[in-house]
Each structure stands twice: as C-alpha cells, then as structure tokens.
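Reviewing the structure listed below.
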Amino acid sequence: MKKAVLFLSILLFLSSYALATELEYFKVYRPHDGMSADQIMEIEYHIKYTKFAKDASFGGKAYFVDKSGFVREKETFRKRITLGRKSDDIAYKDLVIFISPQVKGMGTLTWTYMDAKRQPDSWIWLPSLKRIRKISSANSDDSFLGADFTVEDILLRRFEDETYTLLRTENFGGYLCEFDKKTYYQGRPCFVIECKPKRSPWYYAKRILWVDKNTGAGIYEEKYDATGRKFMTLFKNFEIFNVDGKAYPVQTIIEGKDLRTGHRTTIINTDIKLDQGLSEEEFTQRTLMMSRW
Amino acid sequence: MRRFIHWFSHGLIRYRYGFLGVCFIVSAFFAFQLRHLSFKTNLGDFYPLKHPYLKIQNRLIEIFGGLNQVYIAIEVKEADVFNPVTLDKVWNITQDLYLTEGINPNRVVSISARKVKHVEADEEGFKTEWLMHDPPKTAEEIKVLKQRVIVNPMVFGILVSKDFKACLIQADFESSVGVRKIFQILQEIKKKYEDQNHNIYISGQPVLQGWLDAYLPKMASLFILTVLAMSLVLYNAFKSKRGVLLPLLSAAMSTLWGLGITAMFGYKITPSTVLAPFLVFALGTSHAVQYIKRYYEYMSKHKRDSKAAAIKITRNLFVPAFIGLLTDGIGPFTLFFVPLGMVKSLAVAIGFGILSIFFGTIILVPNLLSFMKPPRRLEVIKEEKTTLTNRILAYFARLAVNKKSRWTVICGFFVLSFIALLGMSKLEVGDKKPGTSLLYGRSPYNQAERFISEKFATSDPYYIFVEGKEQDAILNNAVLKEMDSLQRYLEKEVKSVGRTLSIVEYMKGMNMAMFDGKRQEFCIPDSDRTIAEYMFLYSLTGFPGDFDPVVSPNYQYANIKVDLKDHRAASINEVIKRTEEWIKNNHRLKEVEFYYAGGNIGMLAAVNQIVGEQLKLNSLFVSGLVFFCLVFAYGSLVSGWLLIIPLVFRTLLVFGILGFLKVGLTAEMIPMVALGIGFGDDFGIYIVSRVKDELLEKGGDDLKGALVKAMSTSGKAVFFTGLSLSVGIAAWMLSPILMQARLGALLGFFIFFNVIGTLIVLPSMIMTVNPQFLRNIKGG
C-alpha cells in the first residue's frame, strides 16, 4: 500500500512537472481551481513573457517619481519577437529604442536564450558617436532601465528560480494606482502564492503574489526582505487583446514602489500590437544602427 | 538708593517667613518643571546656521542628501583585507545595512554595494558587473577581485585603503531616523563584526551626536564632584557648617530655579547648556561667600544678633552684589547675539541662572542667617584667625601701600601685557588636530575619524555647488570643462588637496569604456548629445537615486567634492581663497554658477570666521557694557577705568599665554572671554565697595588704612569666592567632552587669574589714582 501511495505521488509530481515545463509557445493557458502553485506559476510566467504571441510592439512611457514629487520621464518604443527555438536556443529578441528628445535614437537589442543558465546578449547603439557596443547583461538584481524594479522582475526571473506555495484563494482588495488614481482589480478572485527564491541570500526573502484566477496574470506582488519587512510592491494591469480569436492578456501598466526610499516608477504601455508578423531581420545589430527616430 | 536699601534690608527680615515661604513654593514649582528636561545634542548648535557657507551646505544636503551619512571602516590586523573572512564581513555589513530600517539603499557604498561596478572594455564593447556581488571563496576569485580593485580609481584608495589594510563602507540614513537609533544600529554592527583580527571604526555626524548624547548624562556625577570640591574650599574658608551649607543651599536654589526656567521655556540639556548649572552653582556659591564672610566679621565685632547681622550685611552688600550680578549678566547677554546655537543656548541658560542667583544670594542667605543662632565664639575666632591667605593678602596690600613697589607692580603688569601682545600675534583661529574638536583625541570617535582620514582621506570633504540656471544645464560640454578646470586647478595649487571628484570623472570613465578602454579617451566628450547619452546610460544601469549624490535627477545641479588632507585654518583658507580666485578669473559661462563652501570644510570655515570676528567684537561689547555699568553704579568715570583697565590687560595676558602655547581659537573661547570679563569684575567691585565703606564709616581720608582693611576682609572673601568659582568651573576639565573640558580649563584659569590679578594690581592702582568717587557718599 505504501509503495502504491509513493508511486502515485511520484506520478502526480511528474505530471505536474511535465505541465510546468511543457507549456507550449504561442498557446494561451488559463489557470483553474485545483491547480498546484507550480502549475499556476508556469502559466503566470508564460503570460509575463508574452510567450503566447509571436511578436509584440508597443510604445512605453516611464515615469520616475521621487518622494518629493519630482518626475523624470523616459519614452521608449519596444518590440519583441518570440521564437522559442530550440535549434539555436533563442527564446525571444527584444529591441528597445529610446525616443526622449535628448537621447532620441539610442537603443538596445537583447537576445534571450531558452537555456535558463545562459546569459542574454545585449548591444547598445549610441547615435551621437555612431557606435554600437556589446554590453554585458545586467545582473538579475540590478535595476531595470533605472526603475525601482529589478531586471528579473521584468526580464530574467524564470520559473526555476523559486519555489512556490499556494497560500489561499481570495478576492483581491484592489490597488490604487498612483499614476492615474484609479483602483484596479477590486474584488477580483485571485490565487495568493508565496514565492521563495532558491538562491540564498538574495535581495528578497519572499514574494507574495496575487495571480488573477481569470487570466493567470500576476497582478500584484509584495517583496519582503530577510528581516520580514515589506520593502517593495509591484502592480501590473493587464488588458485582454483579441487576436485571431485568441484572448491575450497584455501588461498595460506596471507600477513599482520602493517603500524604503518612497520612490516610484510607473510604466504605461500604449499602441500595443500583437502578432503583426514582425520579421527576425528587424532584430539585428544592423537594424539597431539603422533606427531613425 | 540708600533709602531703598535701608527699606529692603529691614523688610527682608521683618517679613522673613513670607520670603522663605515664597522661596520654598517657587523652588517646588521649578522642581516640578524639571520633568520637561531632556538630553539632546543638536550638532547644528555648533555652527552659524545663517552663515552663507552653511546655507550652501543646507542646499547641498537638500539636493544631494547626506545629512545622516556615516562611515564604517574595517581594519584587518594581520595580512590584508583580501581574505575570505574580511571580505565576508564587508559583504555581510553591507547586506545588514541594506536590511536596516531607515537606510537609504541608494546611498550604501562599499566594494559589495550594488552601485559599485567593475567595468571591462575591449574592442567589441564593455562588460559591467558588480565589483563583489558575492564574497569570493577561492584564492583565484580573491586574486581577481584584488586586481579589479587596484585598477579602479573610484575604489582603490577610496573604498579599499592603498595599503590593503582596511575597507570602507558608507551609508546614509533617512532624515526621519533618530540619531540615537542610528548610533545604536552602528554600535551593534561594531559589536557583531569586531573580533581579534578586525577593528571596526565608525564616524559621521550622527555618530558624533550619538557619542555626545551618551556622554551627557555622565555630567551628573561630575556635578556631585563639583559640590564636594566646593564644600572643601568653603570649609577651608570658614571651618563651620553654616559656612559650607548656606552658600551651597543658596547656590542649589539658584541652580534649581535656573534649570526650572530653562525647562519651562522648552530648552534641552545639550553639551553647552549642561554647563550652565555648574556655572550658576559656582557663581551662586561665590556670591554667598561674600555674605558669610561679612556675617562672621560682623559677629566678631558687634553684639551677636543674627537679625541685626542679616540687616547689616544686606545693607552693605546689596550694591556690590547687585552690580556684580549685573556685570555677571552682561556676559550671557552679549553672548545671546553670537550667531552660534551652542553659545546662544548657553547664554540663555546662564542668564536664567544669574537671575535666580539674585534671589538665592540677596534674599535667601540673609533670610536663613536671621533664623540661625549666633555662631559660637570659637567658630567666629576660627574664621577670623590669621591664616596663610591673610598673610599673603597683607603682603599684596603692602605692595600697594609702598610707592616704589606699587609702581613696580603696575609697570610689571604693563610689561607682561606687552609680552602678551607678542603671544597674541601667534594665535590661530580653528582647530588643528584631526577629528572633531568637541572630543578628545583618544575618544573612540576621534580614533575612528583619524583612522578613516588617514586611510581614505574622506573625513574633511569640501564641496563646491554647481547650480545650473535650468534643468539639463550640467549636460553641457562647456560646463563639464569648467568643472574639470576648477578641479585640476585646486589639485595643482592647493597642497592640502588630496583629490577631487565630480560627474566629470564619471563622464570621462564612460567615454573610455566606449572607446575600447583606451587611456587617452579618459576625457570629456565633445558633444553635448554624447554627454546626455552617457548620463542616460548611467541612469539605466543604476537604481533611482544612485547618482543623486553627484548630480540632481533633472541634471540642473552638480557638485565637486574636494578631499582635504587636514582641516587646519591655513588649509581651509587656502582652498577657499583659490576657489574664489579661480571663479573670478576663469568662470565665464552663464548657464551655471559656482558656490562655495560646503561640506565639513565649509562648516569649519564658517565657524572660524565667526570665532575670529566675534572674539574681538564680543570682548569689546562686554568690556563696554561692564564699563558703562561701573560708571553708572559708582557715578564716576574713573571707577570704570579703574576696574576695566586691569581686566582688559588680564584678558590680553590670557590670550598671550594661549598664543605662546599654540592653542587654536575655537568657538568655546567666545563664552570664555565674555563670561571671564563679566565674572572677573566681581572681585574688583567687592574690594572697591569695601574700601568705600571703610572710608565712609571712618569718615576720614585714610585710604591706606581702608585698603589694608578691605584686603584683609573682602580680599579674603574675594580669594575664596574666586577659588570656589574656579574650582566649580574647572571641574568641567574632567568631562569626557573635550569642548567642555577646554572651556572649563580656560574659564577656570581665567577667573583665578582675574582673582590674583585683582588682588595684586587693583590695590596699587587705587593707591596710585586715589580716586575721588571712593569718598562720594552719593555713589553706590
């Protein structure tokens, strides 16, 4: 009997693992009651990195607000092509062009690989010098484009980096966005998941993440340090985009607050376009250098 | 006036129960007020906050932060810091700081801080990574780290000492975090990471404030010691219980009242105001001594009636005590106009105390004496017995009586004053030793400051504020070139400048990285657009606020940090003069303005300027007011000159001695001079008043006789008055706070010097001048 239980347990574990690691690119997944924390999180990552869409492009405006209320802005145009290609290990390619007046045309190109251990490759283009330089990818715990959130919050954190525990399901209390003063997701049914980094010590000891039951998107998280103190919150608003009969949940607002410094970053994504048939040719060093803004 | 004194002295004894009751009720009220008293050090009190340099410093803090900046240095005793244990400590302390509530994570700087990067450039591009993301474990990893440290000019010598014996960690706490909390957090870090092979040194303004706060309560035990020392002086003077207890009781009441009023007006006990109770106690005792002495004198000659004695001594001593207290009050009054918080609050606390002494001495002492049984005959005889003091005083009187010797005394005094002028020419404003002048060199704080200053040259920063007319002003090639030019000029022209740092270095470094790491590309890019792109690139790689200490987020303001090797007045004056010179001759751009002097050096320069100006101004102000009071009280111009000239010369002598001893003039010299002149006059007043009384009583012209009598009676009281006052003040020398100890030593010495000076010189001057006002019955 004991052996049978053990066998079933292993089978269950393997099946959940299989689900967790076998989400296919270009498909849309939705969570449901009864799923394990790992299964829910696999879907959350799938949505976070828009693995459901072949490509995406959007304009972005970032607002950096310090505690005195001083606001700094950065405006970008971003596009991504999702490849999920095992042959050359490329997961997706990102092109970011900065269009703020003083640095107009400055851009970065990043290739991210399927192999979680492989560091992405990045290049930067400085139009005033007409020079392209390869730059090292930032550390996971570095700032993302000078914002309050880290690189891994937006780009690098992978499913394998943490362990997950489903704490409860509940209706989300709502988030008052400081940028537009609107309350989002009030009363939305959510899975509440505790995420603990495998790496220790790390800059956070755990995250508590609220995952929207309807879409599987991680809408709000709180980060806690080793002393148990909450030091950061990160909110993401998702809107559903219908493309060829598929409903894609896409981030339209990201707002991160550093509770230690009182600084806040809000990114607003606009002009979102999905599956428009972007070519991989648009994600090369040559195209980065040729960008005209 | 005489009618008022007659009415007052009789009323005081007739309604003695009422007066005593009022004293008791008011004392109880002020004792109740003491519940509001608390200890709090505010370092702002030590600086002239309205000085232009302090205004620049405040703007720098407002824009670039750094109000609560602290430095933690880890010293390894054996081998160097490149070993797993030491690097582990650096890493752990940095992490602990990141986790500390109230820390600004953007301002944590160490070799393992997230904003300290290693950059490697080649033909393809450049690689940026944390200098020490995790503590290295293997010998190979440590070797790589060491190489990276050595080649990084922003780290080598700044975060790792050039002899590899120490690492530095900088942190800045939010302004909302209390100083005591910061001090406690840092002391815990020190305790946690210090071991047999590692010393931890902690410095910074909050740490200094924390130490001062920690030392303040220790002053209570010093107060007890003061009381004991003064009791001994009093016992030696009177050899009786009432001779000891009455002055102490009256001084205690004055001190209580003074403290009560201070508390009632919301003042805190600070390193300067904590001195006020000592001073008030000593001053109160010294005035009471005159009353007790006169009481015994009366009892030795008249029918021994306490009430009559109380009336008589009130009548005789009201004027000198009143004038004495008035001139005592002049010091604190003038100090109130000195633009230094520490001096101002000390002035207020002493002012309240002096007001209280009036009640403690003039009302309480005669009041209590009237209740007491007349002293036994033996007690009076003991007090009036000829002692060594009497013999010495008699000798001083003889010097004055003899024409030849009194001229010798006066000439000797003038010669000494001339020599003192030579000493004064050697005086230098400011403190010369490393660390803060508030604490002893051996104090843990100054040891830390000295260590950090020696290893990292960061203790004495001088900041130049670069203010743009509009935002993005700093993203301009011409502006950066002007900043660069000023930096190079100061590095070349001022010997005490160690190095300079500004956004210029960051721009040059980025340019070098962009051009394959070639050394010749360590320069400011020609195009404003490239500068903007570099700045943008920096903003992309760091968290918000990472560059705030160097440039404001809207690129309108920047600063130049100049590290000085010492904070001697000459070095400070030189660097400020050269900055002024450069701005005048080379600054041409309209887009920005350069303002100086910020940082520790600017603050010290402001203090030095204030000390230099105020010492002269305040000395003249106090002397003038004392002179005016004397003229008014005695109704004679000669009385003013007679008492003020020796006092001025004695002040010159003290400064001459300081000059020969090469003691730097610091802020506490201002109260030392003001109080010294104010208090120093008391002694002369009591002697002159006694001579006048003797002449009036005897109704004759026997100035010699009156002088000899005054010297053997009031002269003795003056000696013990001065001694008890000096002892009370000199007790501060035992304070763990050097500023207090120095003030105690100087003021104690100055007052005792005044006593001796008065007893030797004043009689000779009286005999030489033979002033008419001494025989004038209308005058005080």
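Numbers for the structure displayed
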quantity	calculated
Neighbouring partner chain Cβ atoms per residue of A:132-144, average, 10 Å criterion	6
Relative packing of peptides B:737-743, A:88-94 - highest average C-beta neighbours within 10 Å first	B:737-743, A:88-94
Around residue A:167: net Lys/Arg minus Asp/Glu count, Cβ-Cβ under 11 Å	0
Other-chain or far-sequence residues with amide H under 5 Å of residue A:243's (modelled H)	A:248
Spacing of the two label points (7 Å from each Cα toward its C-beta) at residue A:198 and residue B:373, in nm	9.6 nm
Under the Karplus curve 6.51 cos²θ - 1.76 cosθ + 1.60, θ = phi - 60°, whole-Hz ³J(HN,Hα) for segment B:742-750, x wherever Gly or Pro sits	5, 5, x, 5, 5, 5, x, 5, 4
Cβ-Cβ FRET estimate between residue A:89 and residue B:59, R0 fixed at 56 Å, reported to 0.05	0.55
Within 10 Å of each Cβ in B:521-534, the average number of Cβ atoms from other chains	3
Residue B:129 paired with residue B:426, simple spin-label distance in nm, labels 7 Å along Cα-to-beta-carbon	6.1 nm
Extension reserve of the residue B:137-residue B:638 stretch, reckoned as 0.36 nm per residue once the Cα distance is removed	171.9 nm
Entries in B:165/B:565; B:55/B:469; A:257/B:455 that, when Cα-Cα distance is taken, lie over 29 Å	A:257/B:455
Estimated 222 nm signal from helices in the protein assembly as shown, with DSSP H stretches of n ≥ 4 weighted -39500 (n - 2.57), rounded to 500	-17000 deg cm²/dmol
Residues B:373, A:48, A:61, B:403, sorted so that the one with the fewest Cβ neighbours within 10 Å comes first	B:373, B:403, A:61, A:48
Centre separation in Å (Cα based) which lies between segment A:51-116 and segment B:514-556	21 Å
Residue B:34 paired with residue B:180, simple spin-label distance in nm, labels 7 Å along Cα-to-beta-carbon	1.9 nm
Subset of A:48/A:86; A:61/A:86; B:192/B:561; A:181/B:117; A:74/B:584; B:50/B:426 violating a 27 Å alpha-carbon distance limit	A:61/A:86; B:192/B:561; A:181/B:117; A:74/B:584; B:50/B:426
Förster radius 22 Å - calculated FRET efficiency between residue B:442 and residue B:223, Cβ distance, rounded to 0.05	0.40
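Every number here is computed from the coordinates shown, using simple stated rules; none is lab data. Treat the numbers as computed from the prediction; the structure is a model and nothing was measured. Positions of Cβ are backbone-derived with ideal geometry, glycine not excepted, and every protein chain shown enters the neighbour counts.
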